[in-house]
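K.L.:
Shown below is the structure under consideration.
What follows draws every value from the coordinates through simple rules; no lab data is involved. As the structure is a prediction and not an experimental result, all values here were calculated from the model. Using ideal geometry, Cβ is built from the backbone for each residue, glycine included, and neighbour counts are taken over all protein chains shown.
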Amino acid sequence: ADEPPVVELDNAEIVYDRTFLAVQGVSMSADRGDIVALLGPNGAGKSTILKMISGIGRSERGEVTRGSVYYEGDEVTNAKTNEMVDRNVTHILEGRRVFEDLTVEENLRCGLYRGGRRIRYSKSDYDIAFEYFPKLEELLDVEAGYCSGGEQQMLVIARALIHRPNLLLLDEPSLGLAPKLVVDIYETLREINREEDITMIIADQNAKETLEVADYGYVLENGQVELHDPADVLMDREEIKEFYLGTSSEE
Ligand code: ADP
Ligand code: MG
């Protein structure tokens, strides 16, 4: 009962180009087994926060100027991406980064490697991918570049699952997908979260669908947390209805 949150940010701040404060005094946490939604408009700092956790691009941008990031109770504020990967943190970047010239099968196979080392060895390693995305099994020999946006999104999630993450960070998984597909992807993520006990932090501008499946939500603006609450509470707040759910809340 006293286990630390999977992720905790304490007054975290990021400066880009030595001057631009992209993340300001952000404190947040993700408890084991939760889906946490990071919401807010373009430029709010969502992707930057995910990168602070996974360490991706850390050396290319400013340092964390203040505050700390913890993973499973250990400070990882300046940890390298490799270390986080070794600790089963998997970050799905924005934009469905598949290898377009490789087949779906070859893309999935990449999920079997960590830092150049193969981590798993049998055909059954793909079972977890096909369990949640049976469609991929039919597409195994198709070049990923020919797959639809929805199929590519399934592929990047499936590839991440093969890594057997403890913490999965997802950046804009619904961007550019048809509404029906967004619902499908989110329902599948919820199922994965429950069945596989994978903690998730999902950055998405799509507040409605994300909050439907999230346990807790943070709304960011200009690098700061504007609102945070359990997802069901957040969904009912006027500010959210007005600015993020738009007319869809009146359906
Ligand atoms: P979001 O994911 O919410 O759209 P980001 O975290 O990508 O927001 O960006 C937050 C702010 O930081 C934005 O104003 C963005 O332009 C800026 N930013 C992001 N990456 C960099 C970078 N590598 N160098 C300078 N500024 C950046
Ligand atoms: Mg972003």
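K.L.:
Hey, which of these cross-link pairs are over 23 Å Cα-Cα: K51/K180; K180/K208; K135/K241; K80/K135; K51/K135; K135/K180?
P.N.:
The pairs that break the limit, which is 23 Å between Cα atoms, are K51/K180; K135/K241; K80/K135; K51/K135.
K.L.:
Starting from the amide H of Q224, placed 1.01 Å from N in the peptide plane, find each other amide H under 5 Å away whose residue is 5 or more places distant or on another chain.
P.N.:
Distant-sequence amide H within range of Q224: Q24.
K.L.:
Fewest first, what order do L155, L50 take by the number of other Cβ atoms within 10 Å?
P.N.:
L50, L155
K.L.:
Residues with beta-carbon under 11 Å from that of N206, excluding N206: net charge, scoring Lys, Arg +1 and Asp, Glu -1?
P.N.:
That works out to -3.
K.L.:
Per-residue HN-Hα couplings for the range 21-27, Karplus 6.51 cos²θ - 1.76 cosθ + 1.60 at θ = phi - 60°, whole Hz, x for Gly and Pro?
P.N.:
With the stated coefficients, the range 21-27 comes to 7, 7, 10, 10, x, 8, 10 Hz.
K.L.:
Taking the alpha-carbon centroid of each part, what is the distance from the range 1-51 to the range 150-167 in angstrom?
P.N.:
When both Cα centres are located, 22 Å separates them.
K.L.:
What size of dipole, in debye to the nearest 20, comes out for the range 93-164 about its Cα centre when the only charges are +1 on Lys and Arg C-beta atoms and -1 on Asp and Glu C-beta atoms?
P.N.:
Dipole size: approximately 540 debye.
K.L.:
Separate question: Rounded to the nearest 500, what is the chain's calculated 222 nm mean residue ellipticity when only DSSP H runs of at least 4 contribute -39500 (n - 2.57) each, over all residues?
P.N.:
On the way: 9 runs with 76 residues, N = 251.
Computed mean residue ellipticity for the chain: -8500 deg cm²/dmol.
K.L.:
Taking H as built 1.01 Å from N, whose amide H comes closer than 5 Å to the amide H of L175, not counting residues under 5 places away?
P.N.:
none
K.L.:
Are there any helices in the chain, counted as whole DSSP H runs, that stretch 24 Å or more along their axis by Cα and score at least 1.6 on average by Kyte-Doolittle, and if so which? Can you show the working numbers first?
P.N.:
Numbers: long enough: 179-196 (25 Å, -0.69).
Helix filter hits for the chain: none.
K.L.:
Here is a further query. Translational diffusion coefficient, Stokes-Einstein: compute it for the range 132-251 using the Kirkwood radius over C-alpha pairs as Rh, at 25 °C and 0.890 mPa s, and state it as an integer in µm² s⁻¹. Working shown, then result.
P.N.:
Details: Rh = 15.5 Å.
Estimated diffusion coefficient is 158 µm²/s.
K.L.:
Would you please give the residues with an amide H less than 5 Å from that of T199, counting only those at least 5 places away or on a separate chain, with H modeled from the backbone geometry?
P.N.:
Close amide H contacts, sequence-distant or interchain: G33, L168.
K.L.:
Could you size up the charge dipole of the range 101-251 around its Cα centre, putting +1 on the beta carbon of Lys and Arg and -1 on that of Asp and Glu, and report it in debye to the nearest 20?
P.N.:
For this selection, approximately 880 debye.
K.L.:
Using θ = phi - 60° and the Karplus form 6.51 cos²θ - 1.76 cosθ + 1.60, what ³J(HN,Hα) does each residue of the range 124-129 get, whole Hz, x for Gly and Pro?
P.N.:
For the range 124-129, the Karplus-derived couplings read 5, 4, 7, 3, 4, 5 Hz, x marking Gly and Pro.
K.L.:
Let me ask something additional. Could you check the simple spin-label distance between E105 and N78, using points 7 Å along Cα→Cβ, in nm with one decimal?
P.N.:
Those two pseudo-labels are separated by 4.6 nm.
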